[in-house]
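The values are calculated or read from the model by the stated rules, or taken from the named source; none is laboratory data. From a predicted model like this one, the values you see are computed outputs, not experimental measurements. With ideal geometry, Cβ positions are generated from the backbone for all residues, glycine too; neighbour counts draw on all protein chains shown.
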Amino acid sequence: MQFIEVTVLVIPDRQGSTTDFKLTVAARLSGIAHRALNQSAGIVVLAGVYHIQNVNAYDSRLKNWMMRFHGVSTKYLNNYLGWRRGIERWGEQVTPCLILQATMECVGSF
């Protein structure tokens with residue numbers, strides 16, 4: 001059973017830590033892409049795309065938003081993440097109708 005899609009990219013921000021090493025090994029064994037950013041060496045942006053502050057900012061917004069639910073079941077985690085992606089994309093203008101339209105566009109592309 002696969003819990004993480006292979007399109008995921010792991011970007012740790014603690015270069016050289018035990019946690020980073022474990023993430024690197026786990027990512028390689030799972031076939032998941034891994035890009036390390038070495039902040040102590042001044043590398044905070046990789047390939048002009050991967051910026052650790054973007055990752056940290058999204059993580060913070062997601063955690064703050066999810067606090068209102070007092071935890072979610074992993075069974076429904078994809079639903080919550082999809083809901084959050086809609087909020088990130090459309091901001092306060094997000095409506096159930098808009099999310100359903102986007103879902104139908106995705107379904108129609110398969």
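Counting just the residues of region 81-110 that are within 21 Å of the chain's Cα centre (by Cα) and farther than 16 Å from Tyr58 by Cβ, which one comes out modelled with the highest pLDDT?
Val94
For Asn78, state whether it is exposed (fewer than 13 other Cβ atoms within 10 Å of the Cβ), modelled with pLDDT under 80 and closer than 21 Å to Ala33 by Cα.
Considered against the rule, which asks whether it is exposed (fewer than 13 other Cβ atoms within 10 Å of the Cβ), modelled with pLDDT under 80 and closer than 21 Å to Ala33 by Cα, Asn78 comes out as no.
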Tally of residues being at pLDDT 85 or above and surrounded by fewer than 12 Cβ atoms within 10 Å (Cβ to Cβ) across region 61-75: 9
